Ligand code: KG4
Ligand code: ZN
């Protein structure tokens with residue numbers, strides 16, 4: 001349904017300078033943020049359900065939905081208060097509309113539709129993955145140099161994008177089965193470390209030897225830059241079944257975590273360096289998404305890029321989100337992506353259209 005509620009005069013006034021209220025509810029974080037001009041974070045409030053899902057070792061959709069309902073209005077109120085702004089002074093509303101848990105997305109999109117319609121504000125739907133891609137813009141004073149090679153690694157998705165300009169994405173690789181974050185979560189569960197798996201596996205890996213075990217790394221013979229982690233997950237399961245007598249041995253578990261993490265990091269970084277060899281114009285490399293909170297992954301790619309630059313006489317720069325809270329799900333990144341989308345296609349928002357949640361995209 002369309003409403004000619006927002007006039008083009010308002011739209012043209014909003015070019016360049018705008019405060020966006022962004023809402024994110026695609027999985028187990030309820031988040032709202034106020035972002036100025038796509039980069040300046042005035043507030044970024046995140047209500048995480050991680051503790052709640054820890055008991056079940058993963059996200060239970062029904063529980064997640066109930067928590068979003070409880071949290072969404074207080075989180076938006078807090079985001080506006082921390083940004084010292086009223087809803088009336090907000091220029092546009094942005095919301096994640098997918099992919100994600102349907103029952104979770106429906107809460108964020110319903111609230112965003114209602115606020116935008118009542119307040120007569122442009123409503124910008126944002127794909128969750130594009131939010132992650134735009135996280136390195138947050139708090140950044142330096143403008144980005146295109147083309148950018150962007151590795152986005154989360155619990156639900158892995159993508160390698162060539163970004164030619166704002167909102168112009170070419171997919172170079174994506175996950176053929178499980179995403180890297182999901183592998184971290186499953187391995188954490190297998191070795192009894194809880195949820196979410198990434199931070200606890202990273203902490204265990206720091207005490208272990210990454211070369212203790214050699215786990216398989218999938219590659220594609222047709223030269224695709226896709227990712228696959230289901231074989232690695234199965235290899236860890238067999239490794240644990242073969243070593244049942246050592247499951248209480250902390251050193252063995254730390255070595256397993258470190259060797260698993262090395263396999264993931266090498267699989268991810270090999271795609272990055274193959275892409276750099278293939279696309280000579282790349283000016284920046286970005287690593288984003290929940291798994292980009294992993295310091296070993298960041299260091300491995302940053303160091304590898306320094307060496308690659310030296311060998312190839314180049315000066316490609318490296319960026320990750322400025323804060324760990326911008327790596328995992330948050331609304332500020334949605335506000336950043338929404339700003340650049342709006343600047344690119346302002347007339348698209350002249351008429352109000354309800355945003356429908358979408359669990360997945362083709
Ligand atoms: O981007 P995100 O918050 O949600 C999705 O869009 O999926 O990513 C969550 C994923 C989880 O699988 C979590 O285990 C992983 O990011 N993660 C990490 C770390 N922190 C979070 N993985 C590895 N190391 C970390 N430090
Ligand atoms: Zn995410």
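For the reader, a short list of remarks on this structure follows.
- Boolean, residue 140 is touching a helix residue (DSSP H, G or I) at 6+ places or on another chain (Cβ under 8 Å) and touching a residue at least 12 places away in the same chain (Cβ under 8 Å): no
- Test: residue in region 326-340 that is touching a strand residue (DSSP E or B) at 6+ places or on another chain (Cβ under 9 Å) and surrounded by fewer than 23 Cβ atoms within 10 Å (Cβ to Cβ): no
- Matching residues, region 269-300, being within 16 Å of ligand 2 (Cβ to nearest atom) and assigned to a helix (DSSP H, G or I): 290, 291, 292, 293, 297
- Residues satisfying the criterion are present in region 251-266 (criterion: farther than 17 Å from residue 199 by Cα, within 16 Å of ligand 1 (Cβ to nearest atom) and either touching a helix residue (DSSP H, G or I) at 6+ places or on another chain (Cβ under 6 Å) or in the same structural domain as residue 187 (by TED's automatic domain parsing) (or both)).
- Selection status of residue 288, more than 16 Å from ligand 1 (Cβ to nearest atom) and either more than 18 Å from the chain's Cα centre (by Cα) or touching a residue at least 40 places away in the same chain (Cβ under 8 Å) (or both): no
- Some residue of region 146-155 being at pLDDT below 95 and farther than 21 Å from residue 348 by Cβ: yes
- Of the helices (runs of 4 or more DSSP H) lying entirely inside region 168-242, those containing at least 3 residues that are modelled with pLDDT of 95 or more and out of contact with any helix residue (DSSP H, G or I) (no Cβ under 9 Å at 6 or more places or on another chain) are 230-242.
- Lone qualifier among 303, 261 - being exposed (fewer than 13 other Cβ atoms within 10 Å of the Cβ) and assigned to a helix (DSSP H, G or I): 303
Residues are listed down the side, and each one gets a yes or a no for (1) buried (at least 19 other Cβ atoms within 10 Å of the Cβ); (2) assigned by TED's automatic domain parsing to the domain that holds residue 155; (3) modelled with pLDDT of 95 or more; (4) under 28 Å from residue 156 (Cβ atoms):
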{"residue": "23", "(1), (2), (3), (4)": "yes, no, yes, yes"}
{"residue": "38", "(1), (2), (3), (4)": "yes, no, yes, yes"}
{"residue": "55", "(1), (2), (3), (4)": "no, no, no, yes"}
{"residue": "60", "(1), (2), (3), (4)": "no, no, no, yes"}
{"residue": "73", "(1), (2), (3), (4)": "no, no, yes, yes"}
{"residue": "90", "(1), (2), (3), (4)": "yes, no, yes, no"}
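- Hey, residue 197 within 15 Å of ligand 1 (Cβ to nearest atom), free of Cβ contacts under 8 Å to residues at least 60 places away in the same chain and crowded, with 17+ Cβ neighbours inside 10 Å or not: yes
- Residue 322, sole failed condition from (1) within 16 Å of ligand 2 (Cβ to nearest atom); (2) part of a loop (DSSP other than H, G, I, E, B): (1)
- In region 9-21, of all residues being in a loop (DSSP other than H, G, I, E, B) and within 18 Å of residue 332 (Cβ to Cβ), the one that is modelled with the highest pLDDT corresponds to 18.
- Every pair of residues 6+ apart whose Cβ atoms lie under 7 Å, when the first sits in region 325-338 and is touching a residue at least 24 places away in the same chain (Cβ under 8 Å) while the second is within 11 Å of ligand 2 (Cβ to nearest atom) and in a loop (DSSP other than H, G, I, E, B): 327/289; 329/26; 329/27
The values are calculated or read from the model by the stated rules, or taken from the named source; none is laboratory data. Since we're looking at a predicted model, the values are computed, not measured. Note: ideal-geometry Cβ built from the backbone for every residue, glycine included; neighbour counts use all protein chains shown.
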